[in-house]
Amino acid sequence: MEFARIAQELQPRSIAARDWVFQVIRTAIIRGVLPGGMPLRQDEISTTLNVSHIPVREALRQLEAQGLVRIYPNRGAVVTKLCASELANVMDTRIMLETGTLGAAIPLMTDETICKARQYLDEFNEEQNMEYLDSINLKLHFALYEPSGNKVAIGLIDQFHANVDRYLHPFYTKADMPRVKNIAEHRALIDACEAKDTVLAKAILRTHLESTKRALLKSPLLAKE
């Protein structure tokens, strides 16, 4: 079972049970293991993860706050499913937020920032397991945003990623993942950041995210309007 495999992958648990359960379910949703519309039964999750109902219930509330789960009275929790217009709104907001955060971060970037981003780019290039590409991509972006010091913005960006990447993740395969183009765009972004060229860096990021938006809107996993 893929859900159990994700739980094993995220071991060992060195965090609170609630946070670990949250990460396991969230990862399963992003990877498409728990698709939109699927009921999340507390009994099954508790048994699979070998935890009590309390951390499961708390994790589901966290996921609801992030828009990944909806909890219905007398019905339980269900994985949410965005329609095309909702996803477009999320992506438009994400583009504004990410370009703004990057612009604030660039003047504060150090050689260490650029080095870390290039290390993640190398990891992305070398990774053979398609399931890990989206998480490496996110780490690269966060490495560039963190110098801004805006934890609220970064938290929202993380939330937006989780809500939209689940529609892209199932198509991360060796056959159709445009890895070469992705690497070239990220390399150009990092180079612009290193040169402290804020205008160019924001333009590259905007183009990159708009391309992602177009791909996401073609996803057959979206709910009907």
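For the range 84-216, what is the convex hull volume of the alpha-carbon atoms per residue, in Å³? Don't skip to the answer; put the middle values down first.
Numbers: hull volume 12.2 nm³, N = 133.
Per residue, the Cα convex hull of the range 84-216 comes to 92 Å³.
Return the calculated 222 nm mean residue ellipticity for the chain, to the nearest 500 deg cm²/dmol, obtained by summing -39500 (n - 2.57) across DSSP H runs with n ≥ 4 and dividing by the residue count. Before the final figure, lay out each step's value.
On the way: 10 runs with 144 residues, N = 225.
The helix contribution divided over the chain gives -21000 deg cm²/dmol.
Relative to the longest principal axis of the chain, what angle (0 to 90°, nearest 10) does the C-alpha long axis of helix 84-105 take? Value to nearest ten degrees: 50. Using a 10 angstrom cutoff on alpha carbons, build the Gaussian network for the chain and name the most mobile of 53, 208, 161. Top of the fluctuation ranking is 53. If R0 is 22 Å, the Cβ-Cβ spacing of residue 223 and residue 75 corresponds to a FRET efficiency of close to 0.80. Summarising the overall dimensions of the chain from its C-alpha atoms, the Rg and Dmax are 18.0, 56 angstrom. Convex hull volume per residue, computed on the Cα atoms of the range 90-142, equals 71 Å³.
If you filter the range 1-69 for trypsin sites (Lys or Arg not before Pro), then keep DSSP loop positions with at most 10 other Cβ within 10 Å, what is left? Before the final figure, lay out the partial values.
Numbers: sites: 5, 13, 18, 26, 31, 41, 57, 61; in loops: 13, 31, 41.
When the trypsin sites (Lys or Arg not before Pro) of the range 1-69 are filtered for loop state and at most 10 Cβ neighbours within 10 Å, nothing remains.
The slack in the chain from residue 215 to residue 181, taken as 0.36 nm per residue of separation less the alpha-carbon distance, amounts to 10.9 nm.
Per residue, how big is the convex hull around the C-alpha atoms of the range 2-79? Give it to me in cubic angstrom, could you?
Given the Cα convex hull of the range 2-79, per-residue volume reads 81 Å³.
Reducing the range 38-65 and the range 114-143 to their Cα centroids gives an inter-centroid distance of 30 Å.
Most exposed first by the Cβ proxy, i.e. fewest other Cβ within 10 Å, how do 219, 14, 85 rank? Intermediate values should be presented prior to the final figure.
Details: 219 17, 14 7, 85 11.
With the sparsest Cβ surroundings first, the list reads 14, 85, 219.
Mean-square fluctuations from a GNM of the chain, with a 10 angstrom spring cutoff on Cα atoms, peak among 151, 202, 81 at 151. With a Cα cut-off of under 27 Å and a minimum spacing of 8 residues unless on different chains, the lysine pairs in the range 84-216 number 22.
Please report 43, 19, 134 as a ranked list, fewest other C-beta atoms within 10 angstrom at the top and most at the bottom.
So the ranking, lowest neighbour count to highest, is 43, 19, 134.
For the chain, find the longest principal axis of its Cα atoms and tell me its angle to the long axis of helix 151-165, 0 to 90°, nearest 10. Tilt relative to the chain: about 70 degrees.
Between residue 158 and residue 119, what length in nm is gained on full extension when 0.36 nm per residue of separation is reduced by their alpha carbon distance? Present the calculation step by step, with values, prior to reporting the outcome.
Numbers: separation 39, 0.36 × 39 = 14.04 nm, distance 2.02 nm.
Value of the extension gain: 12.0 nm.
Relative to the dominant Cα principal axis of the chain, helix 198-216 is inclined by about 40°. So which residue, out of 90, 51, 69, gets the largest mean-square fluctuation from a GNM of the chain using Cα contacts under 10 Å as springs? Answer for the Gaussian network model of the chain: 51.
Any read-out appearing in this document is the output of simple, stated calculations on the displayed coordinates, not a laboratory observation. These numbers come from a predicted model, not from an experiment. Backbone-built Cβ (ideal geometry, glycine too); neighbour counts: all protein chains shown.
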